[in-house]
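Colleague: The structure is given below, and queries will be raised subsequently.
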Amino acid sequence: MGARLNPYLAFPGTTREAMTFYQRVFGGHLDISTFGEFGDPAAPGADGVMHAQLETPAGFTLMASDTPPGQDVDTSQSGGMTVSISGDDEAIRAYWEALADGGRVTMPFEKQMWGDEFGMLTDRFGVPWMVNLTGQDAAGS
């Protein structure tokens, strides 16, 4: 494998719940390792997720971890990061619906002037998403 770029998300103790949710949304295989597996299993926070990785049938890779014990999630470091998913497969619409469940839609998923269906939301875990379903007109140009 050459290089690849994928999001790595940080959560304040909710990584297992978030990644299990994303596995339900996107399908695929989820691996989770805890801090206790690589350190003292009796230490505070040992059951926290040190690393989680979801590999989906569509070829997406999503990684995440809980913040280490004693640290806070610093959202100011995200630099306005948003996870974007796009394509011409109708599965995109199902991803939108699943991600929106329990989240907050910031721009409805609807046809845009460029011919695609597009929407933005923040999911139930506070992760912002942009979702784009390529329209027939846009796909042909």
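The values are calculated or read from the model by the stated rules, or taken from the named source; none is laboratory data. What you see is a predicted model, and the numbers here were worked out from it, not measured in a lab. When we count neighbours, we look across all protein chains shown, and the Cβ atoms used for this are built from the backbone with ideal geometry, even at glycine. Only protein heavy atoms, including side chains, enter the accessible area calculation; ligands, DNA and RNA are left aside. Shrake-Rupley method; radii C 1.70, N 1.55, O 1.52, S 1.80 Å.
Colleague: Scan region 1-58 residue by residue and report those that are of a type in the set (Asp, Glu) and either touching a strand residue (DSSP E or B) at 6+ places or on another chain (Cβ under 6 Å) or free of Cβ contacts under 8 Å to residues at least 24 places away in the same chain (or both).
Modeller: Residues satisfying the conditions are ASP31, GLU37, ASP40, ASP47, GLU55.
Colleague: Okay, next question. Applying the selection to region 104-117, what residues are within 22 Å of PHE60 (Cα to Cα) and open to solvent by less than 30 Å² (accessible area, probe 1.4 Å)?
Modeller: Within region 104-117, just ASP116 meets the criteria.
Colleague: Which members of region 1-50 meet the condition of being among the hydroxyl-bearing types (Ser, Thr, Tyr), open to solvent by less than 60 Å² (accessible area, probe 1.4 Å) and part of a strand (DSSP E or B)?
Modeller: Hits for region 1-50 are SER33, THR34.
Colleague: Then there's this: Going through region 118-136 one residue at a time, which ones are part of a strand (DSSP E or B) and either crowded, with 17+ Cβ neighbours inside 10 Å or touching a Cys at 6+ places or on another chain (Cβ under 9 Å) (or both)?
Modeller: Within region 118-136, PHE118, GLY119, MET120, LEU121, PRO128, TRP129, VAL131, ASN132, LEU133 qualify.
Colleague: Give region 67-88 a look and list any residue that's under 25 Å from ALA3 (Cα atoms) and either surrounded by 11 or more Cβ atoms within 10 Å (Cβ to Cβ) or at pLDDT 90 or above (or both), or say none.
Modeller: Correct list: SER78, MET81, THR82, VAL83, SER84, ILE85, SER86, GLY87, ASP88.
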